[in-house]
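**Q** Can you keep this structure in mind? I'll have questions shortly.
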Amino acid sequence: YTILSKVHSDRNVYPSAGVLFVHVLEREYFKGEFPPYPKPGEISNDPITFNTNLMGYPDRPGWLRYIQRTPYSDGVLYGSPTVENVGKPTIIEITAYNRRTFETARHNLIINIMSAEDFPLPYQAEFFIRNMNVEEMLASEVLGDFLGAVKNVWQPERLNAINITSALDRGGRVPLPINDMKEGVYVMVGADVPFSSCLREVENPQNQLRCSQEMEPVITCDKKFRTQFHIDWCKISLVDNTKQVSTFQEVIRGEGVLPDGGEYKPPSDTLKSRDYYSDFLITLAVPSAIALVLFLILAYIMCCRREGVEKRNMQTPDIQLVHHSAIQKSTKELRDMSKNREIAWPLSTLPVFHPVTGEIVPPLHTDSYDNTSMPLMQTQQ
């Protein structure tokens, strides 16, 4: 069901199309590629990370994924090869980075995808395991235990692990770092026999109702998984490829099909030219003429309809004109007086007593005082 291999230089592996492929990048192997630890007697535990890409390209093929949790854990390449790549060697460049010495080591992994005789298996089931991370599920012993439990429930003759996907790749949220919570994984398996009655229990109306109410459905075979795997039965997916309807269907004429209208006849090349002069006049000349008429009417009202000063005075009472004239003369006289500031200020505007003690003081002499800057009332000190 899976292919596990060590890391070696230019290693050839032969996975099968449609079957889960797992390749472990072991840190212990790459430690020999880097200089020894500086202090003798101490065990080397350098942080090592890996970069994987298709030769000549910056990323991996679409079916191949890579995961490494920390620089102190092994890296894992995993995925399900496709039928389109059968017979085409896929060269993966593996570059190891030593984070202590900043040195690198490169190896090539040649993946030769083989065609599987029993692929595709017609009956496929996808389980969601809540208490596992993807790197934990990829371990051979854990995946073997899960397939053993599925085989005990399903009873197939052939059972293959098709693919493993992290819940984060399906839009899941990163779990909180409490109570050792896991992100969850989706495991797809395929078999050659129909689904067992235990797996079909998820489709019961009672269990569907419980799932809609976010309650745990009642599955009789759940106890065979519960000891090690916590399966979310509401997210199980059962696919029967034997009942898949072919996408190609012959077109049958009848209702909804348009009748044959004959061949398409494009318009003739000898079309008559159209004169757009009238359109131009309607679009520009007419609005301009209307605007000009409105401008002339406004100019006539503003300029030619003025009554004039004489007509206004004739219609104004004499007493109002006298008052207006007196105000204008007074205003003019005040303005003329404000222009002449060289004259001495009257003594009545000067203080004749001390502002604080109240004692009588003589007025300031105008001869030694700047009349132009003297205020009408002195501010108190």
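**Q** What FRET efficiency would be calculated for the residue pair K88, S196, taking the C-beta separation as r and a Förster radius of 22 Å, to the nearest 0.05?
**A** Plugging the Cβ-Cβ distance into 1/(1 + (r/R0)^6) gives 0.05.
**Q** Something else: Using a 7 Å offset from the Cα along the Cα-to-Cβ direction at both N45 and K332, what is the distance between the two label points in nm, to one decimal?
**A** Using points 7 Å along Cα→Cβ, the separation is 10.8 nm.
**Q** Next question. What is the distance, in nm, between label points placed 7 Å from the Cα along the Cα-to-Cβ direction at E103 and at H230?
**A** With each label point 7 Å from Cα toward Cβ, the separation is 4.5 nm.
**Q** In terms of the Cα gyration tensor, with a ≥ b ≥ c the square roots of its eigenvalues, is segment 120-244 rounded because a/c is under 1.5, prolate because a/b exceeds b/c, or oblate?
**A** Oblate is the answer for segment 120-244, as a/c is 1.5 or above yet b/c matches or exceeds a/b.
Each value in this text was obtained by applying a stated rule to the coordinates, not by laboratory testing. Quick caveat, the model's predicted, so the values are computed rather than measured. With ideal geometry, Cβ positions are generated from the backbone for all residues, glycine too; neighbour counts draw on all protein chains shown.
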